[in-house]
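The values are calculated or read from the model by the stated rules, or taken from the named source; none is laboratory data. Worth saying up front: this structure is predicted, and the values here are computed from it rather than measured. Glycine also receives a Cβ, built like all others from the backbone with ideal geometry; neighbour counts cover every protein chain displayed.
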Amino acid sequence: MSWIVRMIVVLPALAGLLGLVMHRRRLVAAAVAVSVSAYVMVLGLIQWVAPARAADIDSLGSLPLGGGLAVPLHLLSDRVSGLVSFVVALVVLAIQVFTVWYLRDDPRYGRFAATVSLFAAGMLLLVQAGDLVLMLVGWEIMGWCSWLLIGHDSERPAARRAAYKAFLVTRVADIGMVVGLVALAVRAGSTDLMAVLTASGHDTALTVGLVGVLVGVAGKSGLVPFHDWLPDAMEGPTPASALIHAATMVAAGTYLVARLFTLYAEHDGARLLLAVLAALTMVYAAVLALVQTDIKRMLAYSTLSQIAIMLSALAAAPAELGPGAGLSHLLGHAFFKALLFLAAGWLSVLGGATALAALRGRLRPTGALRWATGIGLASLAGVPPLVGFFSKDTVIDAALEGTGAGSVVVTIALLLTVALTAAYCTRAWLLLDTPLAVVPPTGTAAGPAAGAADPAPGSAAASPAVSPAASPAVSPVAQPDPVVPAEQVAVVTVADSADDAEVERVHAHGHAPITLSAALVVSVLAVLTVVATLFLASLRGGVHVGVLTALVSLLLVAGAAAAVWVAGDRGRSDVADRVPGPLRDRAVRGFGADTAYVGIGRAVTALARLVVTLDRDVVDAYPRATAVVARAAGRVGERSHRAVPSLSLLGLLGGVVVIAILGVTAWR
Amino acid sequence: MTTRDIVFVAVGVVTALSALLSVTTKHVVHAALWLLVSLGSLAGAYLVLGQELVGLVQLLVYVGAIVVLVLFALMLTRAPIGPHAEIDTPWWQRAAGAVLGAATTALLASLLLPLLSGATVDLDAPAATTPRIAQAVFGTWVWPFELLSVLLLVALVGAFAVSRLVLHREDPAADGAVRRAEGVRR
Amino acid sequence: MALTLMLLLPLLGAIALIAIPGETRVERAIALGATVVTAVLAVVVVWGRHEVDVPWIRALGVRWHFGVDGISAALVLMTALLTVAVVAHALSGPIPKGGTGSTFLGCILLVETGALATFLARDAILFFVAFEVVLVPMWVLVRRFGDDHVRDETRADAAGRFVLFTVLGSTLMLVGILLLVHHQGTSDLTVLADRHGAGLSRSLQVAIASVLLLGLGIKVPLWPLHTWLPSAHTIAPTAGSVLLAAVLLKMGTYGIVRLAVATVPVGVAELSPLLALLGVVGILWGGLACLVERDLKRLIAYSSVAHMGFVALAIASGSETGLQAALFGNIAHGVVAALLFFVVGDLKEQWGSADLRVARAALRDKAPRFGLALVVGLAAALGLPGLVSFWGEFLALYAAWSPAPGRPVALMRVCVVLGAVGLALAAAYSLRVARIVWAGEGSDRADGAAGEPVGDAHGARWAVVLTLVVVIVGLGVLPHLLLGLSDSATSGLLAGVGVAP
Amino acid sequence: MIHLALPGALVALLAGIGVYGVLARRNAVLVLIGVELILNAANLLLVTAGSRPGAPFSAGPVLTLFVITIAAAEITVALAIILVLFRRAGHIDLTAVPDLTDDPDDPDDPGDLDDEVESWGTPDGADDGTDDGTDEADDADGTAAPTAARSGEGAA
């Protein structure tokens, strides 16, 4: 068993390394990436279903540290980690297969696939880790790989910026993570998970640790103050988005909190904080998802909302129920979100754009894709036989069972979110599926910039014409001199993502017709979305649906869907158009969160400039002052030695005589 | 007060007086000549002290060579003939010099006189000092002696080289321009 | 025997090289041969834990005492191996202008001699002598072989700053050593560590520790004493920068551990709040300066200030984990800074300057090998787990959170939080560099020569860079190797039971 | 019989007079006369000490001989230097403020020393031929004749 666990962690890393070495040979890179993912998936399956003990602890070799700290580098293998790693490996495999098609013309495919493998290694390490340090390792590796993946198309300034923003925001949140983990480790005297969970005493350290870890989780999972990096991360290729959003990076926070659940369950303050953040995020993100003009950004906001739902389960569930509800939503979400993203990628290739306005009605003529998207959206909305329904209702049920202020907040937010989720899913479906009227309502089309993307049929041919028209809006006109303005050299660059929201992000290197394997992958994910509830059943507390809650949520879903149906005139118009223009525009831009980030960045840059000035003029003053004084003294000394020879001789002899007199008198 | 004492005092007075004159006279050349007298009478003092050889060498080297050299130097440097007020430093510096000289004398006297007071030496017994000195020079002191000859040689060559030395001075302006041009090239 | 040979070989090589006039092929063979054999001997010496101990200056009781222990082993290995890399790198390209190649190589070998002797010295006076040996060749490297694109005055200024700062530092250190030796009656570091400050009054310990820390802090460099570093790094040739960052700075921290912590523990404990504070200010200061710094080499120099801040913080914690973290951080920074300076030095050689304002072709596509090395170096600089720097920094934060008894806990914890902020700053500046140089921010407006792709690394230079990348990843994945070396030695050092060989 | 206090007193006198001579003269040659007096004082002291009974190795007279020789060497070199000074500055007045500037144009250039050493190294003939050649010829002429004249006067 330990062999399998180690292989699960090590193999993807090796695949990443090999892929990096072999990145020029496309076929080899693809073969390595896909076959290793498949193998790891099989290993994950074995780990999940193998009839083993409840938990199995293995070590990578404890660190030889002399002090009071033990770093055993344990790997903890149990049902939960088995199931999660199986699902992660499955999603990764799907993404790898899909990528072979999606990036078939991209010269950087090899490196992309290798990075995805490394990313998977990071996530699997986090999943298998029974040690805080290993968790942090996996956590940060994912952050770094997300930087590489989001910035994959580094020719585009928006992609560079988004990658930078994503890593920086999560890294700032990781300040809390590192401090929190250090505090927890100090409290236990060890970084072993079991020791941390069973340690007692040191309430301050516990509070700092739990809150710190929460801050870190909020960063990676996109809870409210840190949420804005996630929609921007859509600048990466769609498979990367699927990877980041479905099962790995943003969900890692949930898994981490679930692993530490026993600590959180007994600490009301940290749980309340988590509950408030999650509640705020899920409603806020769902509202924003409703008005988005870009399908990938819409999915990104829906991810924010769904991740908050998972975390809310952990914040509200009673201690005896365990983290099962959150994990179950994590797994369910992994299936349908991966499905939705891959479908969106497929659709964007067909439509040549990701803007909803450009994709209107393009779903209708496609067969499998239409079904897959439908299943995905339905699952997201929480339609009964699909996995989304079960996992979501499990969360609601867990929240209802909880006590305290946190669960109340969470329950209210959950019910609101259920309705909002159904609404935006319906809207998306209607927009994508309803065939266009003969005269498209361009005048009232969403947002001012949407007019640029002409939703006329045959836009696959039109999109190359659109892209250059849109790109000047993104990057300033090239200047003749090669010197970058100082503003660009500094950390912060002007916010351009908001203007970018409407720009198509489709990859020029993806227009070939879909291959069978890629289509098959999407279909398999769709099937799994239907049946995945069976997987969840093996999880303790994984599926727990009360009749009342199911009824309430069904009513909410149906009501919201019907409302959208009516308000959107059966899909012939966009519901979001009913929102006043300026307000909607602001909502599309995320209500200026980006501006706030830029403001913070500017403040830090200003501080940095101050530091450089101080370094040059104040701290450096003392050596320079010393130099000036020394030089002046030297000059004075030199001048005094340029005297008339006979005078100098007089002085010299006078001195000699004086010294001699002193010597003689002393000798006496 | 023995005879030798008296003779020494006489010679010593001549020595000291001529030395004093040699440093105070206003004639440049007279200074050299008074030095001649002083060194010569010092040779006499050596004789009185019973060191014939030293006295002889003193006469030969100092009186015969060095003073002549000094005279040559004076001529080569176009020393003025006749009394000349400007060979001396300003009065205050001379006063300071006098004080310092007196202080030196006082210092040395205060050291030497107690040390040597009462010490007498009998020089009347005939003693062949020269052979002893010859033996010492070529026996005990032979290595320093050889070194000394090398030193003399080096000094001669050095003096020759120094007098041939040409202090090289180009036109400063042109030099600077060249250097600046080089700086630009660098 | 092997130890003596190891010290003598680079010295003889250096003398031979400096004696050789002009350019011949012999000098290359001598330099490479001497360094490679020295590196092999270093491995042998570290493996066998060799020791040499004979009387040297009897009148002063100074002994010719060299030896390896867990604290110095990794540093010795790193110095010997990195010098091979430096020499191989220097030989595979043009020797910097300013003098003959043999002088250049000779200076490198002299620096190696001094550094090895410093790390091996077991006698305080000997330590000081070895410490000083490094100075002059390093000055030559900066002054004569420095960046020839700047004015001569700039070079003179940088070299002068370097020399004056470090000489001031070592003078203060000498005062501290003399005080210590005078009061303890011996200069043998093993004996001094055994006594562990016994027989010295508290105030005396504080005085000695403050002089030693001040002197060595210049070399580290601690925060307000760091202003010599950026200019020296910017001007120095690649070899000089690498040696400066990877070897010379380490001598400062090593000296603090070996000279101050081991011999006057009470004094160091008394001063550790200040040390921690300066370290943290250095972390933040360096990180912030890197955010707007425009010269790439200066930027790496400031990041060195930040990284050495972590080491200072770890030492200030006074715990065993802290010492191990400090030693680990030392090695990590040495390797990472070496890699970055190799890459940036090569880029500067091709670009003519390392100015970030000039828009240039993206390395990612135009020079993928440099790109890879740069990205790995930057990732390591920001403390990415799985790479070598992470362990030093994480353990430093851990150690500072739970310092040894007697340290102000609250202050240290504030320092930890600020240090973690420094980690975020490190991410910001590393990615800023990556975004500009690797991903090519502004590369669309690069025209003329700036838009041309640079020649990629190849041959020996690629081998050097690749080796460093492998070491960075390898030690990051398997920190056991390095931590195992220093494990028992640090506990011995802290407990004052002598340094286990 | 002789009382050694007498030569001792003479030593002190001579040294003091020598010191005064060194300090009271502007002419460099006359300063040298003062130096000679001091040297002779030292010689006399050596002889005096050497003539005390029991002085070993005949050190007194022998060292005196040595000092006389050394003095000869010294004065040769000193006079040569004075001659050079005279040729360069046109006087041998020690109270004049000396001109010590090496190169008024660029006093801080570290290359100066190198340049000067290089120019010392060059043989006279090469580039300095015109300038210095005439100078030397001038000196040669100028020394021969007046020396004879002045030595005659001096003798008179």
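Say whether the condition of being modelled with pLDDT of 90 or more, of a type in the set (A, V, I, L, M) and closer than 19 Å to C:L172 by Cα is met by at least one residue in the stretch C:276-294.
Yes, there is a match, as at least one residue in the stretch C:276-294 is modelled with pLDDT of 90 or more, of a type in the set (A, V, I, L, M) and closer than 19 Å to C:L172 by Cα.
Of a type in the set (D, E) and assigned to a helix (DSSP H, G or I) - does that describe any residue in the stretch B:82-91? Steps first, please.
Of the residues in the stretch B:82-91, the ones of a type in the set (D, E) are B:86, B:88.
From the residues that got through so far, the ones that are assigned to a helix (DSSP H, G or I) too are B:86.
Looking through the stretch B:82-91, at least one residue is of a type in the set (D, E) and assigned to a helix (DSSP H, G or I).
Which number in (1) surrounded by 17 or more Cβ atoms within 10 Å (Cβ to Cβ); (2) in contact with a Lys or Arg (Cβ under 8 Å, 6 or more places away or on another chain); (3) more than 14 Å from chain C (Cβ to nearest Cβ) marks the one condition that A:Y597 misses?
Only one criterion in (1) surrounded by 17 or more Cβ atoms within 10 Å (Cβ to Cβ); (2) in contact with a Lys or Arg (Cβ under 8 Å, 6 or more places away or on another chain); (3) more than 14 Å from chain C (Cβ to nearest Cβ) is unmet by A:Y597, namely (3).
Taking the residues in the stretch B:108-129 that are more than 8 Å from chain D (Cβ to nearest Cβ) and modelled with pLDDT of 85 or more as candidates, determine which candidate is surrounded by the fewest Cβ atoms within 10 Å (Cβ to Cβ).
Going through the stretch B:108-129, the residues more than 8 Å from chain D (Cβ to nearest Cβ) turn out to be B:110-111, B:114, B:125-128.
This time we only want the ones that are modelled with pLDDT of 85 or more, so: B:110-111, B:114.
Details: B:S110: 15, B:L111: 17, B:P114: 12.
Out of the qualifying residues, it is B:P114.
For the structure I just gave you, tell me whether A:G388 is under 23 Å from A:V547 (Cα atoms), crowded, with 24+ Cβ neighbours inside 10 Å and either of a type outside the set (V, I, T) or assigned by TED's automatic domain parsing to the domain that holds A:D574 (or both). Show your work before the answer.
On the way: under 23 Å from A:V547 (Cα atoms): yes; crowded, with 24+ Cβ neighbours inside 10 Å: yes; either of a type outside the set (V, I, T) or assigned by TED's automatic domain parsing to the domain that holds A:D574 (or both): yes.
The answer is yes for A:G388.
Being hydrophobic (A, V, I, L, M, F, W, C) and under 19 Å from the mean Cα position of the chain (by Cα) is the filter; apply it to the stretch C:291-306 and report the residue that is surrounded by the fewest Cβ atoms within 10 Å (Cβ to Cβ). Lay out the reasoning, then the answer.
Here is the first cut: in the stretch C:291-306, the residues hydrophobic (A, V, I, L, M, F, W, C) are C:291-292, C:296, C:299-301, C:305-306.
So of that shortlist, the ones also under 19 Å from the mean Cα position of the chain (by Cα) come out as C:296, C:299-301, C:305-306.
Numbers: C:L296: 25, C:L299: 27, C:I300: 28, C:A301: 29, C:V305: 28, C:A306: 28.
The extreme case among them is C:L296.
Just give me the residues in the stretch D:49-66 being more than 7 Å from chain B (Cβ to nearest Cβ) and surrounded by 18 or more Cβ atoms within 10 Å (Cβ to Cβ), in sequence order.
Looking only at the stretch D:49-66, we keep the residues that are more than 7 Å from chain B (Cβ to nearest Cβ), and these are D:49-50, D:54-56, D:59-60, D:63.
Correct list: D:A49, D:G50, D:G60, D:L63.
Only one residue in A:L380, A:L415, A:L431 is surrounded by fewer than 22 Cβ atoms within 10 Å (Cβ to Cβ), within 19 Å of A:A286 (Cα to Cα) and under 28 Å from the mean Cα position of the chain (by Cα), so which one is that?
Working: A:L380 fails: surrounded by fewer than 22 Cβ atoms within 10 Å (Cβ to Cβ); A:L431 fails: surrounded by fewer than 22 Cβ atoms within 10 Å (Cβ to Cβ).
Matching residue, one of A:L380, A:L415, A:L431: A:L415.
Just one of A:A625, A:A587, A:A561 is of a type outside the set (D, E, K, R), outside any loop (DSSP other than H, G, I, E, B) and surrounded by fewer than 16 Cβ atoms within 10 Å (Cβ to Cβ); which is it? Before you say what the answer is, go through the steps one by one.
Numbers: A:A587 fails: surrounded by fewer than 16 Cβ atoms within 10 Å (Cβ to Cβ); A:A561 fails: surrounded by fewer than 16 Cβ atoms within 10 Å (Cβ to Cβ).
It is A:A625.
Taking the stated definitions as given, is C:G267 buried (at least 24 other Cβ atoms within 10 Å of the Cβ) and closer than 16 Å to C:K219 by Cβ? So that I can check it myself, show each step before the final result.
Numbers: buried (at least 24 other Cβ atoms within 10 Å of the Cβ): yes; closer than 16 Å to C:K219 by Cβ: no.
It is false that C:G267 is buried (at least 24 other Cβ atoms within 10 Å of the Cβ) and closer than 16 Å to C:K219 by Cβ.
Among the helices (runs of 4 or more DSSP H) contained in the stretch C:112-196, which hold 2 or more residues that are in contact with a strand residue (DSSP E or B) (Cβ under 6 Å, 6 or more places away or on another chain) and away from every other protein chain (no Cβ under 12 Å)? Before you say what the answer is, go through the steps one by one.
Working: elements: C:124-133, C:135-143, C:152-184, C:189-195.
Here the list reads C:124-133.
For the subset of the stretch A:358-374 comprising residues that are surrounded by fewer than 24 Cβ atoms within 10 Å (Cβ to Cβ) and part of a helix (DSSP H, G or I), which member is modelled with the lowest pLDDT?
So the residue we want is A:A368.
Looking at the stretch C:309-325, can you tell me whether even one residue there is on the phi > 0 side of the Ramachandran plot and within 14 Å of chain A (Cβ to nearest Cβ)? Quick ask: steps written out before the conclusion?
Within the stretch C:309-325, the first condition is being on the phi > 0 side of the Ramachandran plot, and the residues that meet it are C:318.
If we keep only those that are within 14 Å of chain A (Cβ to nearest Cβ) as well, we get C:318.
Scanning the stretch C:309-325, I find at least one residue that is on the phi > 0 side of the Ramachandran plot and within 14 Å of chain A (Cβ to nearest Cβ), so the answer is yes.
List the residue pairs whose Cβ atoms are under 7 Å apart, where the first residue sits in the stretch B:16-45 and is at the interface with chain D (Cβ under 7 Å from one of its Cβ atoms), the second is in a helix (DSSP H, G or I) and among the acidic types (D, E), and the two are 6 or more positions apart or on different chains.
As it stands, the answer is B:L35/D:E36, since those pairs meet every condition given.
Here is a yes/no grid of residues against (1) farther than 19 Å from B:V54 by Cβ; (2) touching a Leu at 6+ places or on another chain (Cβ under 9 Å); (3) not assigned by TED's automatic domain parsing to the domain that holds B:I66:
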{"residue": "B:L113", "(1), (2), (3)": "yes, no, yes"}
{"residue": "B:L116", "(1), (2), (3)": "no, yes, yes"}
{"residue": "B:D124", "(1), (2), (3)": "no, no, yes"}
{"residue": "B:A128", "(1), (2), (3)": "no, no, yes"}
{"residue": "B:A134", "(1), (2), (3)": "no, yes, yes"}
{"residue": "B:S149", "(1), (2), (3)": "no, no, yes"}
{"residue": "B:L156", "(1), (2), (3)": "yes, no, yes"}
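Return the only residue of D:I2, D:I33 being buried (at least 21 other Cβ atoms within 10 Å of the Cβ), touching a Lys or Arg at 6+ places or on another chain (Cβ under 8 Å) and at pLDDT 90 or above. So that I can check it myself, show each step before the final result.
Details: D:I2 fails: at pLDDT 90 or above.
Only one candidate passes the filter, namely D:I33.
Considering the stretch A:342-357 alone, what residues qualify as being over 14 Å from A:V524 (Cα atoms) and either part of a helix (DSSP H, G or I) or in contact with a Leu (Cβ under 6 Å, 6 or more places away or on another chain) (or both)?
First pass over the stretch A:342-357, keeping only residues over 14 Å from A:V524 (Cα atoms): A:344-357.
Listed by number, the residues that qualify are A:A344, A:G345, A:W346, A:L347, A:S348, A:V349, A:L350, A:G351, A:L356, A:A357.
Do we have B:R186 as over 30 Å from B:L76 (Cα atoms) and at pLDDT below 90 here?
Yes: the conditions hold for B:R186.
Identify, from the list A:L280, A:L321, A:L272, A:L327, the residue that is crowded, with 24+ Cβ neighbours inside 10 Å and in contact (Cβ under 8 Å) with a residue 12 or more places away in the chain.
On the way: A:L280 fails: crowded, with 24+ Cβ neighbours inside 10 Å; A:L321 fails: crowded, with 24+ Cβ neighbours inside 10 Å; A:L272 fails: crowded, with 24+ Cβ neighbours inside 10 Å.
Among A:L280, A:L321, A:L272, A:L327, only A:L327 is crowded, with 24+ Cβ neighbours inside 10 Å and in contact (Cβ under 8 Å) with a residue 12 or more places away in the chain.
Kindly provide the set of residues from the stretch A:129-155 that are in a helix (DSSP H, G or I), among the small types (G, A, S) and more than 9 Å from every other protein chain (Cβ to nearest Cβ), ordered by number.
To start, the set of residues in the stretch A:129-155 that are in a helix (DSSP H, G or I) comprises A:132-150.
Those still in the list that are among the small types (G, A, S) too: A:138, A:143, A:146.
Of everything in the stretch A:129-155, just one residue is in a helix (DSSP H, G or I), among the small types (G, A, S) and more than 9 Å from every other protein chain (Cβ to nearest Cβ), namely A:S146.
Going residue by residue through the stretch A:573-582, is there one that turns out to be without any contact (Cβ under 8 Å) to a residue 24 or more places away in the chain and of a type in the set (A, V, I, L, M, F, W, C)?
no
Show me the helices (runs of 4 or more DSSP H) entirely contained within the stretch A:182-264 in which 3 or more residues are within 14 Å of chain C (Cβ to nearest Cβ). Outline the logic, then answer.
On the way: elements: A:193-198, A:203-221, A:229-232, A:238-246, A:249-259.
Ranges flagged: A:203-221.
Just one of (1) at pLDDT below 90; (2) assigned to a helix (DSSP H, G or I) trips up A:A608, so point out which.
Here A:A608 meets the rest and fails (1).
Within the stretch C:389-446, which residues are outside any helix (DSSP H, G or I) and either crowded, with 24+ Cβ neighbours inside 10 Å or within 7 Å of another protein chain (Cβ to nearest Cβ) (or both)? Spell out how you get there, then give the answer.
The initial filter retains those residues of the stretch C:389-446 that are outside any helix (DSSP H, G or I), namely C:402-408, C:439-442, C:446.
C:S402, C:P403, C:A439, C:G440, C:E441, C:G442, C:A446 - these are the residues of the stretch C:389-446 that are outside any helix (DSSP H, G or I) and either crowded, with 24+ Cβ neighbours inside 10 Å or within 7 Å of another protein chain (Cβ to nearest Cβ) (or both).
State which residue pairs qualify: first residue more than 7 Å from every other protein chain (Cβ to nearest Cβ) and more than 18 Å from B:D88 (Cα to Cα) and inside the stretch D:85-108, second residue in a helix (DSSP H, G or I) and modelled with pLDDT under 55 in any location, beta carbons under 8 Å apart, and separation of 6 or more residues or different chains.
Every condition considered, the pairs that remain are D:R87/D:D135; D:R87/D:D139; D:D102/D:D112; D:D102/D:E116.
Tally time: how many residues in the stretch C:78-97 are in contact with a Leu (Cβ under 9 Å, 6 or more places away or on another chain) and either over 14 Å from C:V464 (Cβ atoms) or aliphatic (A, V, I, L, M) (or both)?
Within the stretch C:78-97, the subset in contact with a Leu (Cβ under 9 Å, 6 or more places away or on another chain) is C:79-80, C:82-88, C:90-91, C:95-96.
Filter again for either over 14 Å from C:V464 (Cβ atoms) or aliphatic (A, V, I, L, M) (or both), leaving C:79-80, C:82, C:84-88, C:90-91, C:95-96.
Qualifying residue count, the stretch C:78-97: 12.
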